[in-house]
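Worksheet: the structure to be examined is printed underneath.
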Amino acid sequence: MMDTANYRRLISRRQSSSSPWRWSLLLVAVIGLQKQSHGASFDLAGGDDGNGGLFEYDYSVVYYDDENLTGESTTEVTETPVTVTTEPVAAEQTEQEKVETVTPTESAAGAVNDFYCQQDLCLQYDFTGQLVAKRHVACGHDGSFAADCPTGRTLFKIDPQIRMFIIHLHNEARNRLANGSVSGFESALRMPTVEWDDELAELAELNAKSCQFKHDECRNTNLYRQAGQNLALGYYPVPTDIFDILEKLTNLWFNEFKDANQQVMDEYNNLSNATIGHFTQMVSDRTTKIGCGIVIYPKKVSGFTFKVVLYACNYSITSIFGQPVYRKGPAAASCTTGTNPYYESLCSVNENQLVKSVPFYDI
């Protein structure tokens, strides 16, 4: 297995200060949150809809309120403030009617075509058990930033090096779980190697272009009818390497394993209301494709301008209640096409063609 440090050296990420890989971001000073000085605050919000349906997480290492930001700091920041969120679905949401295959295209004006506006592309069960059509993030979207995005917002270009690094972060984490290295979790029988998907990435960019830390209602594609999504928001104060930022934010998702257990992996649920959805999204053995988008925008606080990094990743499938996140057993024992030479407990990329988009396991 190739660790992240060696991978960084492989792709020669450390370049001169004029390199596009090294750029400055500013960290928000968390001011006036609490009358204490021994550390940042930790808040958790989110919950079940009460009917086994959509469960949306909204976990903040540090929440802050502009109205509470004064010129006097009473809270010591010991970690980079970030916010992360994801959203699993109920198992019955995968039982959607088949639709005619349509290839998305763009019009001459740059707006996506009507494919993404098809109601049956985004059918989801509501609280009453009725199928309702959600709005697709790309329906009617011309690719522009939202009108209320701050001046100076930028879509960060994910070039091949950064794309490879994001893929590596995911596969390295998946390999750790698959080989049994993560304490409290058994190895995985058939953990695929994830690959990049341009369409999922383009849809993630549209989410990030809202400049809001908020899930879109739907980001499904013709191939991936239950696409999942992880979001993270970070503020950075000093010259910071983009690779460092992506590694930190992605690791925050994976580190939720500390609040999960093998029982949850065997039959996905969140009865404890813990923040685990980013972790389960990252290590699903039905996920084969991911695509991400990054937007950077300024935020002014108490006379200082800070840079905000909004990081969105879409996945070919979301977590499904009542289904295994992955099947446990000897590492890679069920990989029919061999294993990945760089991540030895993951299946080869050829296995992805054999992994169904939404298989149901007998539990």
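Each reported figure results from applying straightforward, stated rules to the coordinates on display, with no laboratory input. Treat the numbers as computed from the prediction; the structure is a model and nothing was measured. Positions of Cβ are backbone-derived with ideal geometry, glycine not excepted, and every protein chain shown enters the neighbour counts.
Only Lys, Arg, Asp and Glu count, each charged at its Cβ (+1, +1, -1, -1), so figure out the dipole size of region 238-363 about its Cα centre, rounded to 20 debye.
On the way: 10 positive and 11 negative charges, 92 e Å.
Using only the charged Cβ atoms, the result is roughly 440 debye.
Given contacts defined as C-alpha pairs under 8 Å and at least six residues apart, what's the relative contact order of region 225-363, whole-number percent?
30
Can you put Lys328, Lys300, Lys307 in order of Cβ neighbours within 10 angstrom, beginning with the fewest?
Details: Lys328 18, Lys300 10, Lys307 21.
Fewest to most other Cβ atoms nearby, the residues stand as Lys300, Lys328, Lys307.
Apply the a/c threshold of 1.5 to the C-alpha gyration tensor of region 159-210 and tell me whether it is rounded, prolate or oblate. Before the final figure, lay out the partial values.
Values: a/c = 2.68, a/b = 2.34, b/c = 1.15.
In terms of gyration-tensor shape, prolate.
Going through the cross-link list Lys209/Lys299; Lys157/Lys214; Lys134/Lys258; Lys134/Lys299; Lys209/Lys248, which pairs have a Cα-Cα distance over 27 Å in this structure?
Working: Lys209/Lys299 15 Å; Lys157/Lys214 21 Å; Lys134/Lys258 33 Å; Lys134/Lys299 31 Å; Lys209/Lys248 21 Å.
With Cα atoms farther than 27 Å apart: Lys134/Lys258; Lys134/Lys299.
Which of the peptides 318-325, 334-341 is most tightly packed, and how do the rest follow, going by the mean number of other Cβ atoms within 10 Å of each residue?
On the way: 318-325: 22.6, 334-341: 15.2.
Highest to lowest by the protection proxy: 318-325, 334-341.
What is region 128-263's relative contact order, in percent, from Cα pairs under 8 angstrom and six or more apart in sequence?
On the way: 95 pairs, mean separation 42.9, N = 136.
Averaging sequence separation for qualifying contacts and normalising by length gives 32 percent for region 128-263.
With the cut-off at 1.5 for a/c, could you classify region 284-363 from its C-alpha gyration tensor as rounded, prolate or oblate? Display every interim value, and only then the final one.
Details: a/c = 3.27, a/b = 2.28, b/c = 1.43.
It comes out prolate by the Cα gyration axes.
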